[in-house]
Amino acid sequence: MSRPVDPGSAGDPEGTPASKPERHYAPDFLTQLFQDPLDPGYADAAAGRSGDHEARTWRWGTLRTLTLVTLVVTGMLFAMAYRKTVAEEPDRSQARAGLIAQIHEREKDADDLARRTEQLRREVSAARSAALTDTEAIRLRELEAVTGFGRVSGDGVVVRVADAPDAESANSRVLDIDLQKIANALWSAGAEAIAINGQRLTSTSTIRSAGGTILVDFRPVTGPYEVTAIGPRQMEREFSASETAGVMRRVVQVYGISFEIADADDLTLPAAAEPQLRYAEPLVTPDPTESGAANGSPPTGASPRPSSSGGG
Amino acid sequence: MIPVLALVAGIVLGLYLDPAVPAPLLPYLPIAVVAALDAVFGGIRAKLDGIFDDKQFVISFISNVLVAGLIVYLGDQLGVGGQLSTGVVVVLGVRIFGNVAAIRRHLFRA
């Protein structure tokens, strides 16, 4: 690495300092820089001095003092730079600590808000079940369970995957695609509800990675990952026999990731975050005259009417 | 021997007095340090080559520090301060490296 810098290997007459004062004008600046890093002024001065050096002893004394002053200044410069670097260090770690504190604070805020959402949602569903008839309420609960927007409990399986203990390479880590495949295999094995580390999956959930972190519905999850699924009895057997489980077992053998499937009873999966409302239209008011008029008149085509089976 | 003592005295003075660097000059301190290092190693090498010259040393120190600072200042004004300071550090680094290699050959014959 140091070879191009080392003038000794370039074969110039380095060994004899006496032949030094000859200046060679290299064709370009960088070549000269690499061949002879010493300021050419030293050689010039040495050449000029060889003749008369008795005549300027007083100047010699002043210059010597100047040299020493320069060295003192250099030393002070080093010390100042050292001081500055040391002084900046706490600033840097302070800024870092501040950022970490902010992250924790915001995470706490987000958790509080999530709890409040949960509470409000419970109130809403209580109010809703009070307002709805029994059959409608049951139907709504079933729909919520299927779509992932209601808490469900039941028996099922727990799939645990974790990074290899010495996870240096990306291959010995659990990837987002592993979790995707596990979730899909569980769905196809008959799962009715799935959660990853307590994050309920819906039909529009995303499992992806960003910067080495796996995000489930844009919320980071960290290993060990626990994919919980509620479903029929034979789901565990079917999942174990699935292609994904086979692939994961091979990954376990090759890369040391841990992967285990266990039957579990009485699982409770939380509800997924409320989906963003994108489209809504007012329900038809049960006003007899208006509904009669609406039924009687031909459809104007102004807006699609909610079908009677789609309410809920 | 005396120059080494002067350098050590400077370091001690700097650590004790803790002189305040004016804020506008603060960004140029690292570059000034590299430039000063270049002058010091150039001086040591010239000493070992037997061609040390006080005037040359003083002038090379001052001009090194000033020119390096000026180039970086100019770069800052033009918006290429980072790149220019990299250039200055590379050129001075090559010179320091070459001079240290020469010093090494003088001291260890290797």
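Read-outs: derived from the displayed coordinates by stated rules, not from any lab. Remember, predicted model here, so these are calculated numbers, not experimental data. Because the Cβ atoms are built from the backbone with ideal geometry, glycine has one as well, and the counts that use them run over all protein chains shown.
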Residue-normalised 222 nm signal for chain B, counting each DSSP H run of n ≥ 4 as -39,500 (n - 2.57), nearest 500 deg cm²/dmol, is -28500 deg cm²/dmol
Peptides ranked, highest mean first, by Cβ atoms within 10 Å: ranges A:274-283, B:1-10 | B:1-10, A:274-283
Compute the long axis of helix B:29-49 from its Cα atoms, compare it with the longest principal axis of the Cα atoms of chain B, and write down the angle in degrees, 0 to 90, nearest 10.
-> 20 degrees
If you rank B:95, B:104 by fewest surrounding Cβ atoms within 10 Å, what's the result?
-> B:104, B:95
Given H placed 1.01 Å from N in the peptide plane, which residues other than close sequence neighbours of residue A:174 have an amide H under 5 Å from its amide H?
-> A:163, A:164
Along each of its three principal axes, how wide is the spread of alpha-carbon positions in the range A:223-267, in whole angstrom units, largest first?
-> 33, 23, 10
Normalised by the number of residues in the range B:23-108, what is the relative contact order in percent for Cα pairs under 8 Å and 6+ residues apart?
-> 39 percent
Per residue of B:27-33, count partner chain C-beta atoms within 10 Å of its C-beta, then hand back the mean as an integer.
-> 3
Taking the simple approach of a point 7 Å from Cα along Cα-to-Cβ for both residue A:153 and residue A:180, what is their distance in nm?
-> 3.5 nm
Residues meeting the amide H criterion for residue A:272 (H placed from the backbone, H to H distance under 5 Å, 5 or more places apart or on another chain) are A:149, A:150
Quote the FRET efficiency, to the nearest 0.05, computed for residue A:213 versus residue B:109 with a Förster distance R0 of 45 Å and r equal to the Cβ-Cβ distance.
-> 0.20
Taking square-rooted eigenvalues a ≥ b ≥ c of the alpha carbon gyration tensor, is chain B rounded, prolate or oblate, where a/c under 1.5 means rounded and, failing that, a/b exceeding b/c means prolate?
-> oblate
Express in nm, to one decimal, how much length is gained between residue A:222 and residue A:104 on full extension, taking 0.36 nm for each residue of separation and deducting their alpha carbon distance.
-> 40.9 nm
Mind checking B:90-99 for the average number of partner chain beta-carbons within 10 Å of each residue's beta-carbon?
-> 5
Work out the FRET efficiency for residue A:279 and residue A:143 from their Cβ-Cβ distance, taking R0 = 22 Å, and round it to the nearest 0.05.
-> 0.80
For residue A:118 paired with residue A:266, estimate the spin-label separation in nm (one decimal), with each label point 7 Å from Cα along the Cα-to-Cβ line.
-> 1.9 nm
Amide H to amide H under 5 Å from residue A:192: which residues, 5+ apart in sequence or cross-chain, H placed 1.01 Å off N in plane?
-> A:230, A:231
For the range A:152-269, what does the alpha-carbon gyration tensor say about shape, rounded, prolate or oblate, given a ≥ b ≥ c as the root eigenvalues, a/c under 1.5 as rounded, and a/b over b/c as prolate?
-> oblate
